[in-house]
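Here is the structure we will look at.
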Amino acid sequence: MSAVPHLRLTRGQLGGAWCALLPGDPGRVPAIAAALGGEAQELAYNREFRTYLVRRPEGTVVVTSTGIGGPSTAIAVEELAQLGVDTFIRVGTSGAIQEKIDVGAVIITTGAVRLDGASTHYAPIEYPAVADHEVTQALIEAALETGVQYHVGITCSSDTFYPGQERYDTFSGYVLRRFQGITAEWRRLHVLNYEMESATLLVVASALGLHAGCVTGVVVNRTRAEHIEEASVARAEPNAIAVAARAALRLVGRR
Ligand code: URA
């Protein structure tokens, strides 16, 4: 089989691996491979898509970066599925919108508000963006095991970082009327956080009969600030990575 066009991988290179960790940032791939703790090999790096394969006694885990947002996430899931991957865990960062959630905590997404476009190419907007139960359970068990502060619930997944997440500290300072006040409304609806990939991931996976979950580290609390501090990323990222890596190892050890 020839390589898939964007990830530039072949089925043979994955050696039967069926579980993938999906960070957005290609720069995070080596750290995630290291957290998995096995023998790691870089397989490909094309555009935003960087892939490592990590072999462990429990099984093999693929780590592929998706880039930011739905369109490139859909490509990564589609092409990994063509190569035999059927279980996906997004690991990334997010902005909390509930007062009680601290920077550094992790959020395990059970379902996502579909404020994206890519997922509508796979299923109509009435179709829910829900996480796979077994993947979510593995993430919760992993969070308990690592001892990090965690929250489980609904995420708002937006195509844009600025207007769709109601940020005013921008070039124009203007947010469309459709988004003005939307953060307060999501808060009232018990949505926990904003990020940019989970709606696409969860819908594409469910629509294709695959399994997906999502864990993100909280890098800002939007009830207090819009701006993301580097120190907050440094606090939150390792927590999300630790939870995602443990969850992946739990899952591969079960099959
Ligand atoms: N990622 C997002 O999409 N939003 C945030 O506020 C933080 C990380």
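For this structure, a couple of remarks:
- Remark: segment 53-96 is approximated by an ellipsoid whose semi-axes, taken from the C-alpha gyration tensor as √(5λ), come to 21, 15, 8 Å, largest first.
- For residue 50, the residues whose modelled amide H falls within less than 5 Å of its own, excluding neighbours fewer than 5 places apart on the same chain, are 65.
- Crossing angle, helix 230-254 versus the chain [Cα axis fit, 0-90 degrees, rounded to tens]: 40
- Distance from segment 72-146 to segment 209-224 (C-alpha centre basis), Å: 7
- Within segment 126-239, all pairs of alpha-carbon atoms sorted by distance into 5 Å bins from zero give the percentages 2, 10, 17, 22, 20, 16, 9, 3, 1.
- FRET efficiency, residue 185 to residue 86 (Cβ-Cβ, R0 51 Å, nearest 0.05): 0.90
- Remark: the chain carries a charge dipole of roughly 160 debye about the Cα centre, counting +1 on each Lys and Arg Cβ and -1 on each Asp and Glu Cβ.
- For segment 1-114, the solvent-accessible area of protein heavy atoms averages 35 Å² per residue (probe radius 1.4 Å; ligands and nucleic acids excluded).
- Against the chain, whose longest principal axis comes from its Cα atoms, helix 70-82 is set at around 20 degrees.
- Converting phi to 3J(HN,Hα) with the Karplus coefficients 6.51, -1.76 and 1.60 and the offset θ = phi - 60°, segment 163-174 yields x, x, 9, 6, 9, 9, 7, 9, 4, 8, x, 9 Hz in sequence order, with x at every glycine or proline.
- Carbon plus sulfur fraction of accessible area for segment 11-254, probe 1.4 Å, in percent: 52
- Tilt relative to the chain, helix 198-207 - C-alpha long axis, 0 to 90 degrees, to 10: 50
- Calculated mean residue ellipticity, 222 nm, the chain: -10000 deg cm²/dmol, from DSSP H runs (n ≥ 4) at -39500 (n - 2.57) each, averaged per residue and rounded to 500.
- Gyration tensor verdict on segment 48-153 (Cα atoms; rounded if a/c is under 1.5, prolate if a/b is larger than b/c, oblate otherwise): oblate
- Ellipsoid equivalent to the chain - semi-axes via the Cα gyration tensor, in Å: 28, 20, 16
- Mean Cβ count within 10 Å, highest first, over the residues of peptides 127-133, 178-184: 127-133, 178-184
- Listed peptides 41-47, 246-252, 159-165 by packing density, highest first (mean Cβ within 10 Å): 246-252, 159-165, 41-47
The values are calculated or read from the model by the stated rules, or taken from the named source; none is laboratory data. What you are looking at is a predicted structure, and each value in this text was computed from that prediction instead of being measured. Here Cβ is always computed from backbone atoms with ideal geometry, including for glycine, and neighbour counts include all displayed protein chains. Keep in mind that these areas ignore ligands, DNA and RNA; they rest on the heavy atoms of the full protein, side chains included. Shrake-Rupley method; radii C 1.70, N 1.55, O 1.52, S 1.80 Å.
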